[in-house]
Amino acid sequence: MTLPDGYRALVVAPGAIGRAMAAGISGDPRCGELIVAGRREALFVDFERPETIAALFARLEGPLHLVLVTGGLLHDAEVNPERALREIDAAALARLYAVNAIGPALVARHAEPLIPRDVPACFAMMGARVGSISDNRLGGWVGYRMAKAGAAQFVRTLSLEWRRTRPLATALLLHPGTVDSALSAPFQRGVAPDRLFTPDHSAAALLDVIAAAGPERSGDHVAWDGTTIPA
């Protein structure tokens, strides 16, 4: 898609990939304004505190032509990917959904009034190949898989609504590949060196995916190389 000259972009919950994508956007001479919000930013937002999402958008004015939600949760001190059914924990599942699916959906909800109806625009959030139901051949990682599958369903549903209300807008779920970051660090063993991407490499590829996409791809789960990941 071709965003309008002087487009305004919002990057929410930046981790390694999000910071790299924000840097790429800031280097685009056609970008008129870049806004970054997250737990470590001046504009504070925390997906586990939904009221902070509403508070963020109460401070923002439109239009917004590009909204990127780039954060995610796979593991931390309290959450680890499950290897068996007996490891499922309700609190961990709730956190995985809050960060990977519910928070981004609320960003879209609050951003929608600021997204124009008459020029191209894009909302994109992070997906993962493990969220593909048809591609699941190993099992495990129950909560993360569930949350990412839910994210895919949300983006598909959003695309259908925008087909009626914002026909020039595109909604995308983006799979960045395996990126050398804190999120993937414990799980990089066995990843081929040419498949372990730097944040800059993945970010540039994802920005290219966004630039090449249009409403005809709205609702798709798209990998860093432009291929569509099946549901």
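The values are calculated or read from the model by the stated rules, or taken from the named source; none is laboratory data. These figures come from a predicted structure and were not determined experimentally. Here the Cβ is made from the backbone with ideal geometry for all residues, glycine too, and neighbour counts use every protein chain on show. The protein model used for the area step is the full one, side chains on, heavy atoms only, and it has no ligands, DNA or RNA in it. Shrake-Rupley method; radii C 1.70, N 1.55, O 1.52, S 1.80 Å.
So if R0 is 41 Å, what FRET efficiency would Arg164 and Glu41 give, r being the distance between their Cβ atoms, rounded to the nearest 0.05?
Numbers: r = 34 Å, r/R0 = 0.82.
So, using R0 = 41 Å, E works out to roughly 0.75.
With just the Cα atoms of segment 133-227, tell me how far they stretch along each of the three principal axes, in Å, largest first.
The principal-axis extents, from largest down, are 45, 29, 20 Å.
Ranked from highest to lowest mean number of other Cβ atoms within 10 Å per residue, what is the order of the peptides 160-166, 22-28?
On the way: 160-166: 14.4, 22-28: 16.0.
Ranking the peptides 160-166, 22-28 by packing returns 22-28, 160-166.
Considering only the chain, what is the antiparallel percent among its DSSP beta bridges, to the nearest 5?
Values: 1 of 28 bridges.
About 5 percent, rounded to the nearest 5.
Rounded to the nearest 10 Å², what accessible area does Glu82 show when all protein chains are kept and the probe is 1.4 Å?
Solvent-accessible area, nearest 10 Å²: 10 Å².
With the radius of gyration and the Kirkwood radius both derived from the Cα set of the chain, what is their ratio Rg to Rh?
Numbers: Rg = 16.7 Å, Rh = 17.7 Å.
Reported Rg/Rh (Cα atoms, Kirkwood Rh): 0.94.
How much length is gained on full extension from Ala231 to Arg86, taking 0.36 nm per residue of separation minus their Cα-Cα distance? Spell out each step's value before the answer.
Working: separation 145, 0.36 × 145 = 52.20 nm, distance 2.62 nm.
So the extension gain works out to 49.6 nm.
Given a 1.4 angstrom probe, I'd like the percentage of the accessible area of segment 161-231 that is carbon and sulfur, rounded to a whole number.
Within segment 161-231, the accessible surface is 55 percent carbon and sulfur.
What accessible area per residue, rounded to a whole number of Å², is obtained for the chain using a probe radius of 1.4 Å? Please list the in-between numbers first.
Details: 11110 Å² over 231 residues.
That works out to 48 Å² per residue.
Counting only protein chains, not ligands or nucleic acids, how are Thr70, Thr178, Thr198 ordered by accessible area (probe 1.4 Å), most first?
On the way: Thr70 10, Thr178 50, Thr198 80 Å².
The ranking, largest first, comes out as Thr198, Thr178, Thr70.
When DSSP beta bridges are limited to those with both residues in segment 1-129, what percentage is antiparallel, rounded to the nearest 5? Write down the numbers at each step before the final one.
Details: 0 of 16 bridges.
So the antiparallel bridges in segment 1-129 amount to around 0 percent.
Could you work out the local net charge near Glu161, counting Lys and Arg as +1, Asp and Glu as -1, over the other residues with Cβ closer than 12 Å to its Cβ? The partial results should precede the final answer.
On the way: positive: Arg109, Arg156, Arg163, Arg164, Arg166; negative: Glu112.
After counting each charged neighbour, the total is +4.
Rounded to the nearest 10 Å², what accessible area does Tyr97 have for a 1.4 Å probe in the complete protein model?
Accessible area, nearest 10 Å²: 70 Å².
Kindly report, to the nearest 10 Å², the accessible surface of Phe44 as traced by a 1.4 Å probe over protein heavy atoms only.
For Phe44, the solvent-accessible surface is approximately 80 Å².
Under a 1.4 angstrom probe, counting protein chains only, how are Glu87, Glu216 ranked by accessible area, largest first? Each step should come with its number before you reach the end.
Details: Glu87 65, Glu216 135 Å².
Largest accessible area first, the residues go Glu216, Glu87.
What percent do you get for the relative contact order of the chain when only Cα pairs under 8 Å and 6+ apart count?
Working: 441 pairs, mean separation 49.8, N = 231.
Once normalised by length, the contact order is 22 percent.
Taking one equal scatterer on every alpha-carbon of segment 77-170, how large is log10 of I(q)/I(0) by Debye at q = 0.20, 0.23 1/Å?
-0.94, -1.11
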